[in-house]
Structures are given as C-alpha cells and as structure tokens.
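> Structure incoming, see below.
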Amino acid sequence: MSSNYDFLFKVVVLGEGAVGKTAVVTRFSHGFFRTDYKTTIGSQFAVKNIDIHKSAQELVTVKLQIWDVAGQSRFQILRPMYYRGSSGGVLVYDVTRRRTFIVLEEWLDELERAIGKKIPLVLVANKTDLPDRVVEPAEGKAFAEKHDMPYLETSAKTGEGIIDIFEQLGRTLVEKRTTSEN
C-alpha cells in the first residue's frame, strides 16, 4: 500500500454484536467474505487508501484508519477509548434483527459522550442478501434523515454497497476538512 495520501482519517465502525461490522471492514479492506467470523475482542484495525473526487478535476487520496469496535455489551467499558480521535463513523445494523436497529440511538449517545461532539456518520443496513428482513428501508431512511446522515444498504457477503460506504464517508470528511481550513 502506498504511503502517499492527501488526507488521513480515523473511522470507527460501531453497532451491536454480529451485525456484520467485521465482515464489512474485511470486505472493504481485503476484498473477501468469510463465514466463520469470531467475536471481536476490544477492536480490530484496518487501513486502506481510497481515491475521492474533491472536485470535478481534482482527485485526492484518502487514507482511512478503520477501527472495528466490539459490539457485545461486555466490551462497553472499553469502547470509548477506541472512539477517541475519530473523524467519522459507520453505524451498522442487521436488517434481519430488529433489536440491532432499535438500539442505534444508544450507540449514537455512547459515541457522542466518548468524543464530546457529533462526527459525520453513515448509517448502514447490512445483510440485505438475507431473505428474512424485518427492518424496512423506509425505517432506516427515516432514522438516517432524523440524524442527518446518509443511508446505505449493503451485503458484506455479496459486496453490494460496501465500497460506497467508505467513498461516501471519505468524501464527506474531505469536504468537512476543506471547508474548516478555509
């Protein structure tokens, strides 16, 4: 991987256990899907560069440090230290498990308490490849709209929408950094 980049951002991936956070990060950073993921202990870390169009004629390289944070409640005490310094985040829920959607507010509160401010987030409805969906797209879109964040549907298994998550977030972070510098 190239060490040349224009922007560096720490991104946190959060949500309940088994919503597919590790699968999303692995699919994005390494390009594959496994069926035998183990519970994340504390956090896992990945780095990947992506190219973002800053303007029609300017392409910039963004290095993302992606922190995949453990979702199980027993790790709640550890999570705030992983959130610190995050520029943006990916909030993930499993479309086949309503509880993972219902607790999204709690995840937002935990993140905001830990870092003391709001950061750009993308809401991700994961596991859309599965037939037993219980959270409808309209519900996810309404939550995302209420919290002023983009909404994306993904399947880490098929790869659908995975790159879009990080391109969308990267573009938002570059725009935010560029505007704050001016």
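Any read-out appearing in this document is the output of simple, stated calculations on the displayed coordinates, not a laboratory observation. From a predicted model like this one, the values you see are computed outputs, not experimental measurements. Cβ sites come from the backbone with ideal geometry, for glycine too, and all protein chains shown count toward neighbours.
> So which residues in the stretch 1-30 are within 18 Å of Val90 (Cα to Cα) and without any contact (Cβ under 8 Å) to a residue 24 or more places away in the chain, if there are any at all?
His30 - this is the single residue of the stretch 1-30 that is within 18 Å of Val90 (Cα to Cα) and without any contact (Cβ under 8 Å) to a residue 24 or more places away in the chain.
> Within the stretch 129-146, can you find the residues that are within 22 Å of Leu108 (Cβ to Cβ) and either of a type in the set (Asp, Glu) or in contact with a helix residue (DSSP H, G or I) (Cβ under 7 Å, 6 or more places away or on another chain) (or both)?
Val134, Val135, Glu136, Glu139, Phe143, Glu145, listed by residue number.
> Sticking with this one: List every residue pair whose Cβ atoms lie under 6 Å apart, where the two residues are 6 or more positions apart in sequence or sit on different chains, the first residue falls within the stretch 101-129 and is among the charged types (D, E, K, R), and the second residue, located anywhere, is in a strand (DSSP E or B) and buried (at least 20 other Cβ atoms within 10 Å of the Cβ).
Lys127/Asp94
Yes/no matrix, rows are residues, columns are (1) touching a strand residue (DSSP E or B) at 6+ places or on another chain (Cβ under 9 Å); (2) among the hydroxyl-bearing types (Ser, Thr, Tyr):
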{"residue": "Trp107", "(1), (2)": "yes, no"}
{"residue": "Gly116", "(1), (2)": "no, no"}
{"residue": "Val122", "(1), (2)": "yes, no"}
{"residue": "Ala125", "(1), (2)": "yes, no"}
{"residue": "Glu136", "(1), (2)": "no, no"}
{"residue": "Gly140", "(1), (2)": "yes, no"}
{"residue": "Thr154", "(1), (2)": "yes, yes"}
{"residue": "Ile165", "(1), (2)": "yes, no"}
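> Filter the stretch 48-74 down to residues that are of a type in the set (A, V, I, L, M) and surrounded by 12 or more Cβ atoms within 10 Å (Cβ to Cβ) and give me whichever is farthest from Val12 (Cα to Cα).
Checked the stretch 48-74; the qualifying residue farthest from Val12 (Cα to Cα) is Val60.
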